[in-house]
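Comments concern the structure below.
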Amino acid sequence: MAETAFEYTTLLAQDLGPRASATDQEKAAADFLAREFAGMGYQVEIQPFTVRTLSPEDSGLTFDPPPGTTVAPEGIDDIQINLLSGTATGEASGILTPVNLAMRDDIPEGGLEGRVALIQRGTITFRQKVDRAGQAGAVAAVIYNNVAGDFRGTLGRPDPDSSSIPVVSISKEDGAKLLELLVQGEIIATVSVVRNELASRNVIAEKPGPGDQVVVLGAHYDSVPGLSGANDNAAGTAVLLTVAKSLAGVDLPFTVRFIPFGSEELGLRGSGAYIDSLTDEEVARIAAMMNFDTLATGSELNILGARKFTSLGIDLGQSLDIPVTRTSSPVGSSSDHATFQREGIPVIMFTAPDFSRIHTEQDTMEFVQADLLGDSARLALAMLQAPEFPGGP
Ligand SMILES: [Zn+2]
């Protein structure tokens, strides 16, 4: 089983290579996966979905002197911007107007009608700053860092009363440059925030079983652009294929659905699109979700998720001599199981503790441990065939 999984990992990571989210590379990988599952006898469908994503490359911040003046805004024609997630899209121009931290007293009495607010980071939330500027009439906002370098931030979800203006962030150094220039005269700033719509897809391979219960096995097959993504997550996808191959001739008391998810790296988009495509009844029928992600490097197999599943996994690991440890989710990391967990579906995640090379050039086959792939596949298979799995609600 370890050998089969290792071969599949090589096929995905080396032969197919980078599988950047929502690209033609991702599509080629999806087609490959669909063919493999179909060859095993599963009913296969490719589920397309659209990914809306902010594009820093297509967005920008540019400056012009006001009409009829000659102040040349020098040294600010190549300012690096970041986009705050939750920003409105669109383009707006206005006189760049500094408002410090955008505290109540910082807003000029005459308001900010038609202006672009230049705001310092700190003390209150980005959302509070942007809403205050917008309510005062600003058409866009530029937030500069309060410590050296640039930053990435989020505006969070807008409340219904909040304004919706395009917002970009810049470094502390560039903020200082702008403030210095504004002492000499007015500058017109144009803020443009562009969102792209990209095509992505999930592969859904199913074998119907008796009864209503559905068990979903998932693994994202996309990678970070330009990287082979061997551990993250050719390996998990390979384990998914290996489990599917072993189960092809096995009758299970539930419907089993294998889903290689697209665009996980853009924020769990594939699993989100999948859940969105289901009715409430269809969601309620999912009795378990098993996720396989970054499981190829480290000391031993780790499992996390619903207690009833991790307990079963530990017991089966002991009787089958598979080294496995129960862990909790590493801080700041997430994967497609989180999407199912949010719906109240019991989940189990198969992973391994060494994340040190993911999203780097070093995430290659060289560091993929075949034994870990085999352990994941064997334990998942044992769980799927255990009489107590998936159990009642
Ligand atoms: Zn991953």
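All of the numbers you see were taken from the coordinates with simple rules; none came from a lab. What you are looking at is a predicted structure, and each value in this text was computed from that prediction instead of being measured. Don't worry about glycine lacking a Cβ; one is built from the backbone with ideal geometry, like all the others, and counts go over all protein chains shown.
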Original post:
Over the alpha carbons of the range 139-225, what is the largest minus smallest coordinate on each principal axis, giving the biggest first in Å?
Top reply: 76, 34, 24
**OP:** Would you mind ranking S192, S228 so that the residue whose beta carbon has the fewest other beta carbons within 10 Å leads the list?
**Re:** S192, S228
**OP:** Using only the C-alpha atoms of the range 60-193, find the volume of their convex hull and express it per residue in Å³.
**Re:** 97
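Subtract the Cα-Cα distance of R104 and F367 from 0.36 nm times their separation in residues, and report this length gain in nm to one decimal.
89.2 nm
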**OP:** Could you pull out the GluC sites (Glu not before Pro) across the range 1-74 that fall in loop regions by DSSP (anything but H, G, I, E, B) with no more than 16 other Cβ atoms inside 10 Å?
**Re:** E57, E74
Original post:
Between the range 276-309 and the range 67-141, what is the C-alpha centre distance in whole Å?
Top reply: 44
Subject >> Full-stretch length increase - E57, T123 - with 0.36 nm per residue and alpha-carbon distance subtracted >> reply: 20.8 nm
Original post:
What is the chain's relative contact order, in percent, from Cα pairs under 8 angstrom and six or more apart in sequence?
Top reply: 22
**OP:** Treat the count of other C-beta atoms within 10 Å as a stand-in for reagent exposure and order Y42, Y144 from fewest to most.
**Re:** Y42, Y144
Subject >> Dimensionless Rg over Rh [the range 185-337; C-alpha; Kirkwood] >> reply: 1.08
Original post:
Considering the chain as a Gaussian network with a 10 Å cut-off on Cα pairs, which listed residue, F292, F37, F63, attains the greatest mean-square fluctuation?
Top reply: F63
Original post:
So between T279 and N146, what do we pick up on full extension, going 0.36 nm a residue minus the alpha carbon distance?
Top reply: 43.3 nm
Subject >> In Hz, Karplus ³J(HN,Hα) per residue of the range 41-52 (6.51, -1.76, 1.60; θ = phi - 60°; x = Gly, Pro) >> reply: x, 7, 7, 10, 9, 9, 9, x, 8, 9, 10, 9
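Report the FRET efficiency, 1/(1 + (r/R0)^6), for F355 and R326, where r is their Cβ-Cβ distance and R0 is 25 Å, rounded to 0.05.
Details: r = 17 Å, r/R0 = 0.70.
My answer for the efficiency is 0.90.
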Original post:
Could you give the semi-axes, largest first, of the ellipsoid that matches the chain, computed as the square roots of 5 times the alpha carbon gyration tensor eigenvalues and rounded to whole Å?
Top reply: 49, 21, 19
**OP:** Find, to one decimal place in angstroms, the Kirkwood hydrodynamic radius of the range 296-375, where the mean of 1/r is taken over every pair of different Cα atoms and then inverted.
**Re:** 13.7
